[in-house]
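The values are calculated or read from the model by the stated rules, or taken from the named source; none is laboratory data. Note that the structure is predicted; figures quoted are calculated from it, not measured. Here the Cβ positions follow ideal geometry from the backbone for every residue, glycine too, while neighbour counts run over all protein chains shown. Areas reflect the complete protein model, heavy atoms only, side chains present, ligands, DNA and RNA absent. Shrake-Rupley method; radii C 1.70, N 1.55, O 1.52, S 1.80 Å.
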Amino acid sequence: MEIINRRQRMSSVARKIRREQDKSIGLVPTMGALHDGHLSLVKEARQMCDIVVVSVFVNPAQFGPKEDYEHYPRDLTRDTALLTDYNVDYIFAPPSEEMYPRGYATYVNVEGLSDQLEGISRPGHFRGVATVVTVLLNTIRPDFAFFGQKDFQQALVIKRLVRDLALDTEIVVLPTIREDSGLAMSSRNTYLSSEEREAATVIHRALLKAREAYKAGERSAGKLVEAARKTVESEPRARLEYVNVSNSENLEKLDKLDDLPILITIAVFIGKTRLIDNIVLNSSGKKKDSAKAGS
Ligand code: AMP
């Protein structure tokens, strides 16, 4: 395994793999502080592709001015050890000035999809995500890039950008990996005290309550939201930021739940830590979901 820090080196290595060796490349973009959620993407990439690249880059452009960019957990030594075990070929870990050199001026904005849900709470977040992913995809030109359903809206934004910009990468979206407690794995869980970690299980329970109501025949989105809200309110350490029921394809808010599949997204503060989660109701039952430009 090789750790690459320079964009130019990454792009020439990838070009060689494609042209001279005719091998497929899979990219798993991450911000590091790896956990089993990330590793599930790496495993799938390892199965599907000849060469696996994992990028580790805490992207300043996707953090708001009052967010946790400075404090975000960083541990490349530990990440490298984990990725060695998973037989990864390259880690691309550029410093910030390598991705955003002096004079950097071009940003990618996926209109509409970026302005809802997380986009309302975190203005500019998806502009930062779309920009860095575009640079990564252009640098490496992978055949496949792997993302988690944990960040459902992010995956949707990226699928759209790949389609709109006619990038030649297939986007693969994989299920959310959870702790036994139901808590979705997240690098930000390291911020939680043990009491808070216990309290944070309320997030998934709230989603399950909404799903239960739906399964029992409830078709008013407001009632599902209420069920989730009440559950979160039962936990004193939790503060609900939003819970939303939307069309899982365009993220438009739903009132009556006739059209499927339905996405329920939630953002909750546990103490000072902001966590997000989601579930999809009545999906086709497919485990893996992929999309390619033009399809
Ligand atoms: P991050 O390092 O948080 O930017 O995440 C990198 C990738 O891992 C993104 O595609 C995330 O959606 C995905 N991911 C993060 N947490 C999980 C999880 N619990 N299960 C599955 N994928 C995840």
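Worth a mention:
- Expected 222 nm ellipticity per residue - DSSP helices of 4 or more, -39500 (n - 2.57), all of the chain, to 500: -11000 deg cm²/dmol
- Comparing A213, A61, A200 in a Gaussian network model of the chain (Cα springs below 10 Å), the most mobile by mean-square fluctuation is A213.
- Take every pair of alpha-carbon atoms less than 8 Å apart whose residues are at least six positions apart; their mean separation over the length of the chain yields a relative contact order of 17 percent.
- Gaussian network model of the chain, springs between alpha carbon atoms under 10 Å - residue of G128, G271, G148 with greatest fluctuation: G271
- Computing Rg and the Kirkwood Rh from the Cα coordinates of the range 140-295 gives a ratio, Rg/Rh, of 1.00.
- Under 12 Å from the Cα of K159 - aspartates and glutamates, other chains or at least 8 residues apart: D168, E170, E249, D289
- Shown in residue order for the range 262-268 are the 3J(HN,Hα) couplings computed by the Karplus curve 6.51 cos²θ - 1.76 cosθ + 1.60 at θ = phi - 60°: 10, 10, 10, 10, 9, 10, 9 Hz (x for Gly and Pro).
- Distant-in-sequence amide H partners of A145 (H built 1.01 Å from N, under 5 Å): L27, E170, I171, V172
- Inter-part distance where the range 96-130 and the range 137-152 are each reduced to a Cα centre, Å: 16
- Share antiparallel - DSSP beta bridges, the chain, percent rounded to 5: 55
- Calculated accessible area for the range 187-281 comes out at 49 Å² per residue, all protein chains present (probe 1.4 Å; ligands, DNA, RNA ignored).
- List M48, M31, M10, ordered by accessible area with a 1.4 Å probe, largest first: M48, M31, M10
- Cα convex hull of the chain, projected area averaged across orientations, nm²: 15.3
- Pairwise centroid distance, computed over Cα atoms, of the range 187-263 with the range 58-95, Å: 29
- Placing unit charges on the Cβ atoms only, positive for Lys and Arg and negative for Asp and Glu, gives the chain a dipole magnitude near 260 debye about its Cα centre.
- Note on the range 110-194: with charges restricted to the Cβ of Lys and Arg (+1) and Asp and Glu (-1), its dipole about the Cα centre is near 120 debye.
- Of the residues D255, D79, D180, the one that moves most in a GNM of the chain with alpha-carbon contacts below 10 Å is D180.
- For I262, the residues 5 or more places off, or on other chains, whose built amide H falls under 5 Å of its own are L281.
- Solvent-accessible area of the chain (1.4 angstrom probe, protein heavy atoms only): carbon and sulfur portion equals 45 percent.
- Cα gyration tensor category, rounded, prolate or oblate, for the range 2-177 with a/c compared to 1.5: rounded
- Per residue value of the accessible surface for the range 2-177 (all protein chains in place, 1.4 Å probe), Å²: 46
- In order through the range 18-26: 3J(HN,Hα) via Karplus (6.51 cos²θ - 1.76 cosθ + 1.60), integer Hz, x for Gly, Pro: 5, 7, 8, 9, 6, 10, 7, 10, x
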